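For reference, the structure discussed in these notes is given below.
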Amino acid sequence: MKNIAIVTKPNYSSPRILANCLHNFFSKEEGIQSEVFYKLFVFKRLLSYSKVAKNYNYFIWKGYQLMHYIQDQLFLRKLKKYDAVIIVECSPKAFLSDSFDFVKLRDKLKGVPLIFHEVYYLGNAPTMVTYLKEGKHHQEDIFDWHLSVSEVTEIRSKPKAPWSQVGLHLKSTGLAPVQKKEHLGLIDFYREGYEKERNEQIKALEAVGIPYIELSGSYTIDEIREVYKKATFYFLQFPESFGLPIAECLSCGAYVFTPDTSWGMAWRQDEEVEIHGPGKLADCFVVYDGQEDLQKKLKEYKAEYDLVKTPEEVFQKFIDNYPDYYYGNKAGLDQFVDKLKRGAF
């Protein structure tokens, strides 16, 4: 029996969802047990003061480390007993030299494989690789292996060492298409610099007479999913490397509206894609060009969207085109598990 520790942050954000989905996916694997810990900041406290000096007073930082010292040491000792430790965090933050000290963690683990799990593989994001190099931050080699939800981000490549594409076992969340009470637009959180697109969306919704919700503030995972379940149309605000809300809204039967096919990077179906370039999206997406075109398409989709039947139809388009994002990629997970059992890291 192989035991895996999955470590992520306690916040209600995408890494927590990825960690829980991966944990549930591992439960399908014979001979594998996993446990999720919301203790990612233990690895922040491994940083020397020189790495955080621009953000912390010396005595405050040392006091912060000392306050957690005993609990942190007990947790680090516990991790050594696992057969692998998987870190679940956003990129590029996981690779920033002043965010966490995974180099020191590898030394402390003494041969236990250290794995990184994110929606994308760093090697498929050349812009991010360049950013990290120019800032003298870490690269992918601080981890022994990488697990990715998608095989396309800025570019597409087929999984090979040092990474596996395992998809997203979103089915384990219980998200599924539900009957809607009314047509409802859902506008994602505000993104500075994209006010024009947001204003076009609001004006078009108001012109067509579709009520809408603008996400703001903070939500628990359960709270935000209750909002997703109500929506018939979800509006992107920003180019997404993956966009977990896209997958969750599609699971609930909401069409995803975007002003640019490049905004859904991981959802482009082309065999070859350009960095931040356009691509082919499945028809669970609605691409529009400006407010007038959006207004026209909203009228069409409002007329055609049956509150009872259409959620299931949208969901079916989602899983027909992107099955790995709902069911996970069992073959990719099997590959990783086989390497773990063979001690091939």
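Screening K280, K296 for residues that are among the basic types (K, R), at pLDDT 95 or above and within 28 Å of Y121 (Cβ to Cβ) leaves exactly one candidate, K280. Of S218, S172, S164, all but one fail to be among the small types (G, A, S) and part of a loop (DSSP other than H, G, I, E, B); the exception is S218. Selection of helices (runs of 4 or more DSSP H) fully inside the range 304-345 by the criterion of at least 1 residues being at pLDDT 95 or above, open to solvent by less than 20 Å² (accessible area, probe 1.4 Å) and among the polar types (S, T, N, Q) returns 310-321. Would the range 75-87 turn up any residue that is in a strand (DSSP E or B), of a type outside the set (F, W, Y), in contact with a Pro (Cβ under 8 Å, 6 or more places away or on another chain) and touching a residue at least 60 places away in the same chain (Cβ under 8 Å)? Yes - at least one qualifying residue is present in the range 75-87.
Screening N55 on (1) at pLDDT 95 or above; (2) closer than 30 Å to G243 by Cβ shows it passes everything except condition (1).
Table: residues versus (1) within 26 Å of the chain's Cα centre (by Cα); (2) touching a residue at least 60 places away in the same chain (Cβ under 8 Å); (3) crowded, with 19+ Cβ neighbours inside 10 Å.
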site: N20; (1), (2), (3): yes, yes, no
site: F25; (1), (2), (3): yes, yes, yes
site: E35; (1), (2), (3): yes, no, no
site: K62; (1), (2), (3): no, no, no
site: L105; (1), (2), (3): yes, yes, yes
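Annotation: of all residues in the range 244-297 being open to solvent by less than 10 Å² (accessible area, probe 1.4 Å) and part of a loop (DSSP other than H, G, I, E, B), the one that is nearest to E118 (Cα to Cα) is R268.
Does Y56 fit the bill of being over 30 Å from A125 (Cα atoms), in contact with a strand residue (DSSP E or B) (Cβ under 6 Å, 6 or more places away or on another chain) and hydroxyl-bearing (S, T, Y)? When the stated conditions are applied, Y56 does not pass them. Listed by first and then second residue, the pairs linking a residue in the range 185-206 that is more than 17 Å from G243 (Cα to Cα) to a residue that is of a type in the set (D, E), with Cβ atoms under 8 Å apart and 6 or more places separating them unless they lie on different chains, are I202/E214. Would the range 90-103 turn up any residue that is free of Cβ contacts under 8 Å to residues at least 24 places away in the same chain and within 16 Å of the chain's Cα centre (by Cα)? Checked against the condition, which is being free of Cβ contacts under 8 Å to residues at least 24 places away in the same chain and within 16 Å of the chain's Cα centre (by Cα), the range 90-103 yields at least one hit. Sub-7 Å Cβ pairs linking a first residue in the range 208-234 that is touching a residue at least 40 places away in the same chain (Cβ under 8 Å) and on the phi > 0 side of the Ramachandran plot to a second residue that is of a type outside the set (A, V, I, L, M, F, W, C) and surrounded by 18 or more Cβ atoms within 10 Å (Cβ to Cβ), at least 6 apart or interchain, number zero. Condition (residue is closer than 17 Å to L147 by Cβ and of a type in the set (G, A, S)) applied to the range 33-45: is it met by at least one residue? Yes, some residue in the range 33-45 is closer than 17 Å to L147 by Cβ and of a type in the set (G, A, S). Contact map, the range 290-311: residues that are closer than 12 Å to H183 by Cβ paired with residues that are outside any loop (DSSP other than H, G, I, E, B) and of a type in the set (D, E, K, R), Cβ distance under 9 Å, separation 6+ or inter-chain. Pairs shown: D306/E313; T310/E304.
Counting only residues that are open to solvent by 30 Å² or more (accessible area, probe 1.4 Å), out of contact with any Ser or Thr (no Cβ under 7 Å at 6 or more places or on another chain) and more than 14 Å from V119 (Cα to Cα), the range 137-156 holds 4 of them. Here the condition is being among the aromatic types (F, W, Y) and in contact with a strand residue (DSSP E or B) (Cβ under 7 Å, 6 or more places away or on another chain); of F95, F116, F100, F75, it holds for F116 alone.
This table checks each residue for (1) closer than 30 Å to V129 by Cα; (2) open to solvent by less than 40 Å² (accessible area, probe 1.4 Å).
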residue: Q179; (1), (2): no, no
residue: D188; (1), (2): yes, yes
residue: G193; (1), (2): yes, no
residue: I202; (1), (2): no, yes
residue: L205; (1), (2): no, yes
residue: V208; (1), (2): no, yes
residue: P211; (1), (2): no, no
residue: D222; (1), (2): no, no
residue: Q237; (1), (2): yes, yes
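Do the conditions hold for E134, that is, is it without any contact (Cβ under 8 Å) to a residue 24 or more places away in the chain and over 20 Å from N20 (Cβ atoms)? When the stated conditions are applied, E134 passes them.
The values are calculated or read from the model by the stated rules, or taken from the named source; none is laboratory data. Since the structure is predicted, the reported quantities are computational estimates derived from the model, not experimental observations. Quick reminder, even Gly has a Cβ in these numbers, built from the backbone with ideal geometry, and neighbours come from all protein chains shown. The area values use the complete protein model at the heavy-atom level, side chains included, leaving out ligands, DNA and RNA. Shrake-Rupley method; radii C 1.70, N 1.55, O 1.52, S 1.80 Å.
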